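> Take this structure first; my questions come after.
The values are calculated or read from the model by the stated rules, or taken from the named source; none is laboratory data. None of the values given here were measured: they were computed from a predicted structure. Note that we place each Cβ from the backbone using ideal geometry, even for glycine, and neighbour counts take in every protein chain shown. Just the protein is used for accessible areas: all its heavy atoms, side chains included, with ligands, DNA and RNA removed. Shrake-Rupley method; radii C 1.70, N 1.55, O 1.52, S 1.80 Å.
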Amino acid sequence: MQNNRRNRIAWLIGCVLGVCLASSTAMAADGTGATAFSDKLLLTGGVSQVEGSAGGGLTPWAVIGGYGTGDEIGANAFVTHINLPDYHVNEVGAMVGLYNRVEVSFAQQRFDTEQVGAALGLGRGFTFQQNIIGVKVRLFGDVVLDQDSWMPQVSIGAQHKKNNQAAVLAFVGAKSDEGTDYYVNATKLFLNQSLLVNATLRMTKANQIGILGFGGDRNNAYKPEFEGSVAYLLSRNWAVGAEYRQKPNNLGIAKEDDWYDAFVAWAPTKHVSLTLAYADLGNIVIKDKQRGLYASVQVGF
């Protein structure tokens, strides 16, 4: 257990060192750290959300990932680690934003059960792996340009998820090892007030965002769940904020709580960003008070 803790701390330190190295490289490339390929403001494209879409850490925003404008293509790749008292999650992924209209994303999550896996008879360090393919389409509005009206940027999206542990999921009562979430969201940036607000309505059957499958003995129908984010831009490079995400409660064997986080995001250039958050994920299977550090590094253009 102690070695696991040390390895995870080393991973987080590696994230910080990696973002600093990437930042230095990007700045050296143009001498100032400024980029000429896009007029989008820093951090207004969001970061890489836990399921791979552009947004906050827990919930997608209506923005299209990358810094591409209406006649450009943008792209990001990311690495994320969530360090909880009894579990940890490692994740990698990438997204492409097409002409500030369409976003396509992919993420792979690895949820490690550590000692809980042994207690459940699955084996110490038993891991659930989930692949997620996402697509998002901007319907109308522009989060940066629409400063003279109350019009938000509005998008619709879908995230298709496939879990690799079908037999275990069936045993705990999940109805399927794969499913698709559908969502609509609205994001508004109040530039004069340095404030960004996002609201998302998600239709989902996912248990723990799909890590415990989809549907269950208590419910196997799509339910609407609310997700919200607020971010305050301290400067052009720094933002702080908080998020909330409602969760369904489909499995009788595994109570599910809503999620919360408080985050800080730093973007030294448009090539790289680092997000750190304190996340409260509540009960996960047989363990309460799953609160810990969320760290994500994103590189792209």
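> Do you know the relative contact order of region 36-131, to the nearest whole percent, from alpha carbon pairs under 8 angstrom that are 6+ apart?
20
> So, one more: What list of ³J(HN,Hα) values in whole Hz, one per residue of region 156-171 in order, does the Karplus curve 6.51 cos²θ - 1.76 cosθ + 1.60 (θ = phi - 60°) give from phi, with Gly and Pro shown as x?
Per residue, the Karplus-derived 3J(HN,Hα) values read 10, x, 9, 10, 9, 10, 10, 9, 9, 10, 4, 5, 5, 5, 5, 5 Hz.
> Further question: How much net charge surrounds residue 247 when only other residues with a Cβ under 14 Å from its Cβ are counted (Lys, Arg +1; Asp, Glu -1)?
-4
> What is region 187-301 by shape, rounded, prolate or oblate, if you read a ≥ b ≥ c off the alpha carbon gyration tensor as root eigenvalues and call it rounded for a/c under 1.5, prolate for a/b larger than b/c, and oblate otherwise?
Here region 187-301 falls in the prolate category.
> Say the dipole of the chain comes from +1 at the beta carbon of Lys and Arg and -1 at that of Asp and Glu; which of 156, 53, 285 then lies farthest toward its positive end?
285
> Another question, then. Expressed as an acute angle from 0 to 90° and rounded to the nearest 10, what is the orientation of the C-alpha long axis of helix 2-30 relative to the principal long axis of the chain?
Result, in degrees: 20.
> Let me ask something additional. Got a sec? What order do 136, 289 fall in by accessible area at 1.4 Å, biggest, i.e. largest, first?
289, 136
> Could you work out the local net charge near residue 132, counting Lys and Arg as +1, Asp and Glu as -1, over the other residues with Cβ closer than 11 Å to its Cβ? Walk me through the intermediate numbers first.
Values: positive: 161, 162; negative: 51, 91, 178, 181.
Result for the local shell: -2.
> Which whole-number percentage describes the relative contact order of the chain, with Cα contacts under 8 Å and a sequence gap of 6 or more?
Details: 843 pairs, mean separation 50.3, N = 301.
This gives 17 percent for the chain.
> Hey, another quick one. So how exposed is residue 255, as accessible area in Å² (1.4 Å probe, rounded to 10)?
110
> Next up: What is the sum of charges, Lys and Arg at +1 and Asp and Glu at -1, for the other residues whose Cβ falls under 14 Å from the Cβ of residue 287? Intermediate values should be presented prior to the final figure.
On the way: positive: 255, 289, 291; negative: 86, 112, 114, 256, 257, 280, 288.
Neighbourhood net charge equals -4.
> Which peptide among 277-286, 74-83, 59-68, 233-242 comes first, and what is the full order, when sorted by highest mean count of other Cβ atoms within 10 Å? Working shown, then result.
Details: 277-286: 18.9, 74-83: 21.0, 59-68: 27.9, 233-242: 16.3.
Going from most to least packed, we get 59-68, 74-83, 277-286, 233-242.
> A further question on this structure: Using a Gaussian network model of the chain whose springs link C-alpha atoms within less than 10 Å, name the residue from 118, 158, 54 with the highest mean-square fluctuation.
118
> Provide the per-residue ³J(HN,Hα) series for region 67-81, in order, calculated from phi with Karplus coefficients 6.51, -1.76, 1.60 and θ = phi - 60°, each as a whole number of Hz, with x at glycine and proline positions.
9, x, 9, x, 10, 10, 10, x, 8, 9, 10, 8, 10, 10, 9
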